[in-house]
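Asker: Have a look at this one.
Derivation of every value follows stated rules applied to the coordinates shown; laboratory data play no part. This one's a predicted model, so the numbers in the text were calculated from it and none came from an experiment. Note that we place each Cβ from the backbone using ideal geometry, even for glycine, and neighbour counts take in every protein chain shown.
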Amino acid sequence: MSNILIVDDHSPQRSLIRAIVKLDGHQVSEAGTGEEALVCIAITPYDLVILDLVMPGVDGYQVLEQLRLMPGRDETPVIVMSASDEEVDLLRAAGLGAIDHLSKPFGYDQMEKSIKRVLEATPEQIIEMRDARTAQAEAYHVITLSEEKPERRRLFRRAKSVTR
């Protein structure tokens, strides 16, 4: 049984994720704001954080940045979510150490698969997942400087599908 923090400003979304996580037998904590999430993370070590990127006030990016600065919490696996499938969101989250990205709306199977993949991974595999996403972000930035936008999109989608 893993201890998972769900962070989303939209209560129905948190309820959906909570149902998915609890069906798999995990303990769940919830935060409705980035500020609440940072307090929870500072007090309790989590096996996984499921984080909405777009929230009022302290957003998911800021939570990720602060999480990476917290001693003992800096390696906490994070799955990020957003309603946007923009490359800039995917890349920024990857650059901050997110392991996976789910686009809203997502299905039960997508969420369950992502959670299981992260929780069943060894620490070495977590590092590999994080490194692969970071490499994708770096490759995207290199392509950004030399090619037009349609080419960048194809590269990122190709790289994204390889790691899943």
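Asker: Can you work out the Karplus-derived ³J(HN,Hα) for every residue in the stretch 100-113? Use 6.51 cos²θ - 1.76 cosθ + 1.60 with θ = phi - 60°, whole Hz, and x for glycine or proline.
Answerer: Ordered by residue, 3J(HN,Hα) equals 8, 9, 10, 8, 7, x, 10, x, 3, 4, 4, 5, 4, 4 Hz.
Asker: Per the Debye formula with a single identical scatterer at each Cα and no solvent contribution, what log10 I(q)/I(0) holds for the stretch 3-121 at q = 0.10, 0.17 Å⁻¹?
Answerer: Treating every Cα as an identical point scatterer, log10 I(q)/I(0) equals -0.24, -0.75.
Asker: Taking every pair of alpha-carbon atoms in the stretch 14-60, give the share separated by more than 13 Å as a whole percent. Before the final figure, lay out each step's value.
Answerer: Numbers: 617 of 1081 pairs.
Summing the P(r) of the stretch 14-60 above 13 Å gives 57 percent of all pairs.
Asker: Please enumerate, by chain and number, the aspartates and glutamates with C-alpha under 12 Å from the C-alpha of Lys22, excluding those fewer than 8 residues away in the same chain.
Answerer: List returned: Glu112.
Asker: List Ser15, Ser2, Ser114 from most exposed to least, where exposure is judged by having the fewest other Cβ atoms within 10 Å. Provide the component values of the computation, followed by the final result.
Answerer: On the way: Ser15 13, Ser2 16, Ser114 20.
Listed from fewest to most nearby Cβ atoms, that is Ser15, Ser2, Ser114.
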